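The structure appears right after this line, and notes come after that.
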Amino acid sequence: AHLDLGKFSSWEEEKKIHFCVQELQSSRPLVPWNLKFSPETKEVLDTFRMISRTDPSSLGAYVISMATCASDVLVVELLQKEAGAKQPMRVAPLFETKQDLMNAASNLRRLLSIKWYRDRIDNKQEIMLGYSDSAKDAGRFASVWGLYKAQEQMCAVGREMGVKLT
């Protein structure tokens, strides 16, 4: 709210991506850390501050549960930058619902098309797929088929773009 840009969650995906990349490339801070935040926002910012002060060798990847789009990953990258992480954590989107599995390859393609992000990941990307939410969402058989199709499609994107997926 301090930038008068409206509510980020209501923006179109391309606007979110543009904003995140612009801020990731900027040297100025985005978040005035002394502002009054809601308890939820304060918890998120405090978490990223703790991450920035933690030895990176003791951390794995930052997993984004219920990831739905490329900007989800960029927001985590931006929060790490804003918290001062010298060696940011790897960021792994976790695609879980039937719809998220169906969109996973196109979202991966969009994410990997961002030059800043490609430079950041050094052509290596972790991805996680969830089976329990898709099974609840679509049923067991449809879930297994959706997981298979998502894996095949994302592997094709990774090969096409020269990015190793794990």
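Structural remarks
- Summarising the label geometry, the points placed 7 Å from Cα in the beta-carbon direction at S58 and M102 lie 4.4 nm from one another.
- Choice from T97, T54, T41 with maximal GNM fluctuation in the chain (Cα, 10 Å cutoff): T41
- If you wrap the Cα atoms of the chain in a convex hull and average its projected area over all directions, you get 10.3 nm².
- Full extension of the chain segment joining T41 with W145 gains 33.7 nm, where the gain is 0.36 nm per residue of separation less the Cα-Cα distance.
- In the chain, the sites counted are trypsin sites (Lys or Arg not before Pro) in DSSP loop states with at most 15 other Cβ atoms within 10 Å, and the longest stretch holding none of them, exclusive of the sites, is 87-166.
- Entry comment: accessible area of the stretch 48-130 is 47 Å² per residue, from protein heavy atoms only and a probe of 1.4 Å.
- Cα-centred dipole magnitude for the stretch 45-110, charges only on beta-carbon of K, R (+1) and D, E (-1), debye, nearest 20: 180
- At R0 = 25 Å, FRET efficiency that the Cβ-Cβ distance of K124 and K86 yields, to 0.05: 0.80
- Folded to 0 to 90 degrees: helix 13-25 orientation relative to the chain principal axis, Cα: 50
- By accessible area, using a 1.4 Å probe on protein heavy atoms only, the chain has 55% of its surface on carbon and sulfur.
- Extension gain from M66 to W116, taking 0.36 nm per residue of separation minus the Cα-Cα distance: 15.7 nm
- Set of the stretch 3-22 residues, backbone N closer than 18 Å to the point 7 Å along the Cα-Cβ line of N34: 3
- Inter-site label distance for L5 and L165 at 7 Å from Cα along Cβ, in nm: 2.9
The values are calculated or read from the model by the stated rules, or taken from the named source; none is laboratory data. As the structure is a prediction and not an experimental result, all values here were calculated from the model. Note: ideal-geometry Cβ built from the backbone for every residue, glycine included; neighbour counts use all protein chains shown. The accessibility values were calculated without ligands, DNA or RNA, using every heavy atom of the protein model including side chains. Shrake-Rupley method; radii C 1.70, N 1.55, O 1.52, S 1.80 Å.
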